[in-house]
Every structure is written in structure tokens, then in C-alpha cells.
Amino acid sequence: MKRLFPSTQERVRGVLFGLVAGDKNHGPQAMGIMVGKALIDNKKNSSTLEMKVPSSERYSLEFNQLLTNILKNYLHWYHSKSKGWYDTGQIGKEIFDKFKSGDFNGESNDVKELETQLYEVAIVVRQLDNQLNGQTGGINPAHRNVVLSMYNRISDDDLLKMAKEETRLTHYSVFACEAAQMQNYICRRYIKMNISENEPRLSILAVCKEFVENNQLSKEFKNSLNQVLENKEFLSGDSNAIALLRKSISRGGFSPQTLASALYFIILHTMLMENEYTSEREMAVSCLLDSFQFAGSANYCPVLVGPILGSMFGDSVFFNNSESEDDLLSHSKRMEEALEVCTELADMWN
């Protein structure tokens, strides 16, 4: 098989291009791009803060500024309805309807002011979760905030905390938080992985088990993952087990189940069917196309599959090498913005 040895920068770009490739309903990529723009602004503002703010206060200020700017971007997009992107997920819609564009000021250098703004959101998010009896475990946060993994100013340790806090701008459920944390962990792990002829890429199964073993997770979340990660017959490549599991995994948007479905396709194609492909690019494209066929019009799990594939194999897998190949990015109306965000975030890893 022809192997790919993408640079760190190519893997960083692969996360957002994978999100774009996997998202055919436009909302997740629009929101992911807005997260990316907030990260770029955060980097630009950091040099100013170094001159104005004591180092002891800087981390908390940057953290809260970033969250507030992400929310500000979401609200501006949602209320302007630019270019017809309406797909926020139902929970996001409920939250965004309670605020107006311009309600939040992420430019403030006052930590208490930022904390007050975020507290207002936290109250509304918790109230909605209570009203819905905890049914805020949708996959939208893991779709959009995987872009956090691309930002090298967020340490590996802080990445999981940031994914949780960004998730809770809309979704309070622990399941939504855990899915977003795991999605970010997987992509960051592959972004930073050393890959060469003599140092092969760690399998997706090994990376997932690292996350499960090193983090305290809810029982329901682990049970959903284990139907894939601990399914010995499936992992052995048994054709009957592969077919049975495909019938039992979920096409829905409940985050533990959606993530389990995404991992099914990545394990199937990158591990169990690996010898059927002539190149890793062919393998990655087939994996994403297979997940599309499974997911249907709601298209939940491919939006997770794309970024993981991009972090593993780099952004080149999503671009055509010939006219006969499937075009995985032509559906997007935000390619120019995606390219700008990818370029700036990737350059930070030089």
C-alpha cells in the first residue's frame, strides 16, 4: 500500500478540511470556521495582553475571551442567517434564540466582566437541560469544536477542559462533553504523532483506548464505545460480526452513539480492510463515502469521520488528483474561509 507521511501542518489542516468534507448540511462547518476565527483572533490579541495584563491573570483572561468570542461569532452568524446556513442543531437553536447578536463583548480585558457574561449563558444552558430532563446530549459540539485541537496555544491538558467549556456554551449534558473531548483528543493525538517509515501511525483503536483508560467517563458513554472498541468478533475481521454491528450502530445524533458509529467506520477501513486498498488516500476516501452511505440525510457520523481521517492522513486526501475521483469538498460554500483558517492555524505549528 502507498503510505502517506503528512507533515504536522498538513494534519492540522486535515482536521478542518475533514470537517468540511464530512459535513453536507453546512452548519457544523460554518460553526467550526467560526471557532477557528476566534482562535486566530485569540492569538493576535495575546501579544497585546502580554503588555497590558499581569502574567498571573493572563491565562484566565485569554480563556474567557476565547469562549466569549466563539459565542459572539455563533450569535452573529445565527441571527444574520448569512448564506442560508441554518443547521445549528435543535439545542443550539434554543440557546441562540435567547440572546441577540452583539450581546457579548469578547474584547474586554476585565476577567470579571467576561465571567459574568459567560455565567449568564451557563444559567440558560443549565435551565434548558433541566427543562429537557437532561436530553442535551447531541453531537453538534463535537462537530464544531474539534477545531480546538488545531490550536497549538491550547496545551494537551487544557484541550479537554476547553472542549468541555465550549460544549457548554449550548449543551450541558456530560455525554456531549465527553464526545467533544474524545474527538479533540483523537485529532490532537494524531496531529502531534511522529510518523515515518520506521515509526508507523498508532491505530485508531489504540488511540481510543488511551483516552478511555486515562479519563473518567460516564458508564453510558463507555458502554456505547465498547460495542465497537471491545467487540472481539468485529475486531477480528469476522464478516458476520462486521455486518451485524453495522446494523446495530446508530444513525442518530446522540453523541455517545454517534461517536461509536464514526469509530466503526474508521476501524473497519483503516484496520480490518486495510489490505484491500492500494493507497491510504483511497482508504480514507472510501471510509468517508461509506459513512455517508450509512448516515443518510441527517449525516451525523461523517462529520466526525472526516476530521479524524484528516488528522491521520493529512489534508491531501480530500483534494482530487484527477477528474474521475469523487470531489469531497465541492459542496462547501465556505472553502475560501476554511482555507484561510486552516492556513493560519497550521502556520502556528511551524
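General observations
- Leading residue by the ranking (modelled with the lowest pLDDT) among those in the range 80-92 that are surrounded by 15 or more Cβ atoms within 10 Å (Cβ to Cβ) and not hydroxyl-bearing (Ser, Thr, Tyr): 85
- Selected residue [surrounded by fewer than 17 Cβ atoms within 10 Å (Cβ to Cβ), under 22 Å from residue 255 (Cα atoms) and of a type outside the set (A, V, I, L, M, F, W, C)] from 109, 130, 145, 105: 130
- Residue in the range 157-170 that is within 20 Å of the chain's Cα centre (by Cα) and at pLDDT below 95 present: yes
- Residue list for the range 269-293, filter: over 24 Å from residue 185 (Cα atoms) and in contact with a Lys or Arg (Cβ under 7 Å, 6 or more places away or on another chain): 278, 279
- Every pair of residues 6+ apart whose Cβ atoms lie under 6 Å, when the first sits in the range 234-251 and is within 18 Å of residue 274 (Cβ to Cβ) while the second is of a type in the set (Asp, Glu) and assigned to a helix (DSSP H, G or I): 241/233
- Note on the range 187-268: no enclosed helices (runs of 4 or more DSSP H) hold 2 or more residues that are in contact with a Lys or Arg (Cβ under 9 Å, 6 or more places away or on another chain) and among the acidic types (Asp, Glu).
- Qualifying residue in the range 211-223 (condition: touching a residue at least 24 places away in the same chain (Cβ under 8 Å), among the small types (Gly, Ala, Ser) and either surrounded by fewer than 21 Cβ atoms within 10 Å (Cβ to Cβ) or touching a Pro at 6+ places or on another chain (Cβ under 9 Å) (or both)): yes
The values are calculated or read from the model by the stated rules, or taken from the named source; none is laboratory data. Quick caveat, the model's predicted, so the values are computed rather than measured. Quick reminder, even Gly has a Cβ in these numbers, built from the backbone with ideal geometry, and neighbours come from all protein chains shown.
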